[in-house]
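**Q** So that we are looking at the same thing, I have put the structure below in structure tokens.
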Amino acid sequence: MATAYEMATGTSGKSASDGTGSALQYTRSWKLVKSSRNEAYDVPTTIGVDIGSQLPGVSGVYCTNLTDNPEGDSLMVRRITATYSSPQNSGRRPNQDLGIAPWLRSAVTTMDAVSESIPAQQYILDPVAAEGTAASKRSLAVQPTGELIDGLTRPDPTIRFQISQFETADPTAKSKYISGLNSLPVIIGGVSFPPRTLILNGISARKQTESYAGVETSGWLVTYSVAYRRNTQRVLVNIDPATGVAIDDEMDDVDIGWDIAVPLRGLNCINLFDDAVNTGYPVDPFALSLLSNEDGVVIGFPQATVGVAVGPIRVLVDGDEWSAFFAGTEFENLAGTIIDADSNTTEKQICRAMVTNPTTAGGFSQKPASSPIPLNPDGSPRGRYRPDGFTDIDDEYYFGGSKVAENAVLAYRRGVNDAFDFALLGVRP
């Protein structure tokens, strides 16, 4: 039976560094004497050391290589050398990973952070204002008349992760998750990333064989390419889960990650306007499609004699209050003529958004808007932001509008990528 003796002169150790971290390396040697020339033996069993064995008395240093060579020209004597090492400290996990089976070791993560431009809805009101002042904060980028300023971009960080690990199962089936977002929070490097802020950009794998405890195991070295994008946008936050429609116009700054912010604007609107200030949304009444003739919008008595309620728009002519009405509404005009309604009322119908112009007769006319106007979640035209505010509630009712610039144009958070639980990838922490 073969017998092995450890050689004191064959033991050595050294420490080295390549600038990325320190590494320790030791060697131990044995002289193995066979009982016959043709005797078979198992090196790990004979010397009691195998790949992954810890160096006695030294933590974090493990056997990474075994060599078996003849000593000189002898057919009976062999020289066995075990090499122990600690990996460079460039991995994400402690060096003790070498003492764990390859299919159980923690994944190794590398990171690359860059700045990328993304679409923006906000800007800093006064970039040189003192920090902490109102002018130094971000605000929705709108003109004084309420139009959203298009084409803005903002630099924000994008972090790309490469996460590698040894797997025994074929990872091909996981390719169906590529381009998917995280449906639940995910922790990478001790940082928790909110849902839909991480995207799986790709998976690469190659065949690899690992040795551990004297056993050769075939598998794949799999690398997952994941990217995080910070994308803070002002969006509607109270959404009906059954319909995806906002239940109010409350907005907040939210990191929407790989989702998109879609401004609520359009060339069309719904002719929707309550006859009291209780719609819940500020409405721009002059964007509604109203009954017109060659002289402009037809104005009638505020309370029609035929039982029609106050019109959707109240207007002042020479200090007197009058009303304008939707087409298809029955009312009495200023000349005392009854305007007969028909069945094709435009109230609550989708119509082209309108803009107004004064007429020589002292009234106003309408024409279709040439650019999209802000809308409310119910499709009505949103009241324009008025930087001068309102003196009283009647002003708000007459002219519509919003007193808050940040909510002048609403935006939805919408997604184009499916999401899945990243735990399905099986990445080991």
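The values are calculated or read from the model by the stated rules, or taken from the named source; none is laboratory data. Note that this is a predicted model, so its numbers are computed, not measured. All Cβ positions, glycine included, derive from the backbone under ideal geometry; neighbour counts span all protein chains shown.
**Q** Here are some residues: T305, T346. Which one is among the hydroxyl-bearing types (S, T, Y), modelled with pLDDT of 75 or more and assigned to a loop (DSSP other than H, G, I, E, B)?
**A** The conditions single out T346.
**Q** Another question, then. State which residue is modelled with the lowest pLDDT when the search covers only the stretch 1-36 and only residues that are aliphatic (A, V, I, L, M) and not in a strand (DSSP E or B).
**A** M1
**Q** What number of residues in the stretch 190-239 are more than 22 Å from P102 (Cβ to Cβ), touching a residue at least 12 places away in the same chain (Cβ under 8 Å) and not β-branched (V, I, T)?
**A** 17
**Q** I would also like to ask the following. Considering every residue within the stretch 154-168, establish whether at least one is within 30 Å of I100 (Cα to Cα) and not in a strand (DSSP E or B).
**A** yes
**Q** Next question. How many of the residues making up the stretch 134-153 are in contact with a Lys or Arg (Cβ under 8 Å, 6 or more places away or on another chain) and either within 15 Å of A120 (Cα to Cα) or part of a strand (DSSP E or B) (or both)?
**A** The number of residues fulfilling the criteria is 2.
**Q** Let me ask something else about it. Quick check on Q233: is it more than 30 Å from S139 (Cβ to Cβ), assigned to a strand (DSSP E or B) and among the polar types (S, T, N, Q)?
**A** no
**Q** R230: under 16 Å from the mean Cα position of the chain (by Cα) and within 30 Å of A408 (Cβ to Cβ), yes or no?
**A** Spelling it out, R230 is indeed under 16 Å from the mean Cα position of the chain (by Cα) and within 30 Å of A408 (Cβ to Cβ).
**Q** Any idea which of V191, V226 is surrounded by fewer than 20 Cβ atoms within 10 Å (Cβ to Cβ), at negative phi and out of contact with any Pro (no Cβ under 8 Å at 6 or more places or on another chain)?
**A** Testing whether each residue is surrounded by fewer than 20 Cβ atoms within 10 Å (Cβ to Cβ), at negative phi and out of contact with any Pro (no Cβ under 8 Å at 6 or more places or on another chain) leaves just V191.
**Q** Among the residues of the stretch 190-211, write down those that are part of a strand (DSSP E or B) and within 19 Å of the chain's Cα centre (by Cα).
**A** Those that are part of a strand (DSSP E or B) and within 19 Å of the chain's Cα centre (by Cα): V191, S192, F193, L198, I199, L200, N201, G202.
**Q** Identify the single condition in (1) closer than 30 Å to G257 by Cα; (2) modelled with pLDDT of 85 or more that D68 does not satisfy, given that it satisfies every other one.
**A** Answer for D68: the failing condition is (1).
**Q** Search the stretch 101-159 for residues being more than 21 Å from P374 (Cβ to Cβ), among the acidic types (D, E) and surrounded by 11 or more Cβ atoms within 10 Å (Cβ to Cβ), and hand back the single one that is farthest from the chain's Cα centre (by Cα).
**A** If we take residues in the stretch 101-159 being more than 21 Å from P374 (Cβ to Cβ), among the acidic types (D, E) and surrounded by 11 or more Cβ atoms within 10 Å (Cβ to Cβ), then D126 is farthest from the chain's Cα centre (by Cα).
**Q** Check the stretch 37-56 and report whether any residue there is among the aromatic types (F, W, Y), part of a strand (DSSP E or B) and in the same structural domain as S12 (by TED's automatic domain parsing).
**A** no
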